[in-house]
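Read through the structure below, which is laid out as structure tokens, and then see the notes.
The numbers here are math on the coordinates, done by the rules we state, and not lab data. These figures come from a predicted structure and were not determined experimentally. Cβ atoms come from the backbone with ideal geometry, glycine included; neighbour counts cover every protein chain shown.
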Amino acid sequence: MTAATGMNLRRIVVKAGSHLIAGSPGFVPELCRQIAGLLARRIEVILVSSGAIATGVGEFHRREKPRSIPDKQAFAAIGQPLLMTRYIEAMAAHRVRVAQVLLTRGDFDDRIRYLNIRLTLRRLLSLGVVPVINENDTVATDELRFGDNDTLSAIVAAKLDADALVILTDVPGVCERNPCEDPGAPVIPVVEGPERLEELYDRVGGRSRYFGGTGGMRAKLNAARIACLSGVLTIIADGTRPGVLLDIAAGDSVGTRFLPVARDINARKRWIAFGRRLRGVVVIDSGAVRAVRERNSSLLPGGVVAVRGDFSAGDAVSVQDEAGAEIARGIVRCDAVTLVRIKGKSTADARKCVPHLSRDEIIHRDDLALI
């Protein structure tokens, strides 16, 4: 069997939610026992862990969640070292070392910082160390936030060329109906193909309380979409199930399995597609859609019909068709104001309108990642 069926894994990213970490004193030791078991099978593991804020709140025996940004950042600062201490002690019981890695969205926007993160994580793995990654809630503002660790885990899985992303939650998987309302709702065992993933995302993705924590169902399905489009098998499974990670590594049918889309997408285009923050939208006509999709063409001014957002040259934007469907993401070579002036024009007319235009392409094909 192959990695796509859950066996012969060499590297996986495991995401553990705050409800699991804060809700059960025995979860972290059991999780670490399983991670040690994966390492013994020569499977590299990156752990993306929520729970810093919840751990900090627990120190003060508060029942209500912090709502203001200063409160969230303060409790994250209190909880993060306590959470890491739990991981250090639990992993030490299995002679495994861990390393703390705190990230913000801004770390991924800059290509050099992005590559440095990749090199650091790879070096930690080569040393046999388990990186424990969390969003840096103590400094992250809304502008710099991923918003949820599901998205962060998917980006890390794509960036590190992981074979699988395992999102652990407190229900058996993605169910046909909300299990909070219908405990007997059947689990969807396999989701195959981007069309099925999009249909599922549209149908049940809005049930934000389907799962607990910050992200909810929509965030988990969005993470599955990011990972699958990057060629990474994704599994949403019950983290309270004993030995769940070891069962997955053995190839057992556990939770909901999202099969990866076979795509030849290089690391730089993965960064463009999923690592960068989107600053705006460029809407293109049907002819430009065909050129981009079928002929791998660059995007020229003549194919642009609308521009939304306030972006600068070098920013990442979403490229959509006139119906609003996302076609690609790319790095623009001019700002929004300039693009509004030249949209729909031929290259010659665009240069007459904006003499200082440095390039014919609005987005070069090397800077365009199909979605």
- Item | Principal-axis tilt of helix 27-40 within the chain, Cα atoms, nearest 10 degrees | 80 degrees
- Query: What is the order of SER297, SER312, SER126, fewest Cβ neighbours within 10 Å to most?
  - Reply: SER126, SER312, SER297
- Query: With charges set only on the Cβ (+1 for Lys and Arg, -1 for Asp and Glu), what does the dipole of the range 277-370 come to about its Cα centre, in debye to the nearest 20?
  - Reply: 160 debye
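With +1 on each Lys and Arg Cβ and -1 on each Asp and Glu Cβ, how big is the dipole of the chain about its Cα centre, in debye rounded to the nearest 20? Working shown, then result.
Working: 52 positive and 43 negative charges, 175 e Å.
Charge dipole, the chain, about its Cα centre: 840 debye, nearest 20.
Expressed in nm to one decimal, what extension gain is obtained for the pair SER253 and ASP335 from 0.36 nm per residue of sequence separation less their Cα-Cα distance?
Working: separation 82, 0.36 × 82 = 29.52 nm, distance 4.86 nm.
Full extension of this stretch gives 24.7 nm more.
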- Dipole-positive endmost among VAL261, VAL337, LEU124 within the chain (Cβ charges, Cα centre): LEU124
- Two-decimal Rg/Rh across the range 60-157, once Rg and the Kirkwood Rh are taken from alpha-carbon atoms: 1.00
- Kirkwood-type radius of the range 223-309, with distances r between different C-alpha atoms, in Å: 16.1 Å
- Radius of gyration, Dmax [the range 3-268; alpha carbons; angstrom]: 17.3, 50
- Task: Pop a pseudo-label 7 angstrom from the Cα along the beta-carbon direction at both ARG177 and ARG295 and give the gap in nm to one decimal.
- Result: 5.1 nm
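Using a 10 Å cut-off on Cβ atoms, rank the peptides 318-329, 107-118, 149-160 from the highest mean neighbour count down.
Details: 318-329: 16.6, 107-118: 15.0, 149-160: 26.5.
Answer by packing, highest mean first, reads 149-160, 318-329, 107-118.
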- Query: When the dipole is taken about the Cα centre of the range 77-135, and only Lys, Arg (+1) and Asp, Glu (-1) are charged at their Cβ, what size is it in debye, to the nearest 20?
  - Reply: 260 debye
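Please report the antiparallel percentage of the DSSP beta bridges confined to the range 3-268, to the nearest 5.
Values: 4 of 31 bridges.
Approximately 15 percent, going by the DSSP bridge assignments.
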- For ASP238, ASP252, what ranking results if the residue with the fewest other Cβ atoms within 10 Å of its Cβ goes first? ASP252, ASP238
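The range 246-371: Rg/Rh from Cα coordinates, Kirkwood Rh? Numbers along the way, then the final one.
Working: Rg = 17.4 Å, Rh = 15.6 Å.
On the Cα set of the range 246-371, Rg over Rh gives 1.11.
Given a Förster distance of 25 Å, report the FRET efficiency between LEU278 and GLU322 from their Cβ-Cβ distance, rounded to the nearest 0.05. The partial results should precede the final answer.
Details: r = 18 Å, r/R0 = 0.74.
Once rounded, the FRET efficiency stands at 0.85.
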- Message: From the helices alone, meaning DSSP H stretches of at least four residues, give me the mean residue ellipticity at 222 nm for the chain, per-run term -39500 (n - 2.57), in deg cm²/dmol to the nearest 500.
- Response: -11500 deg cm²/dmol
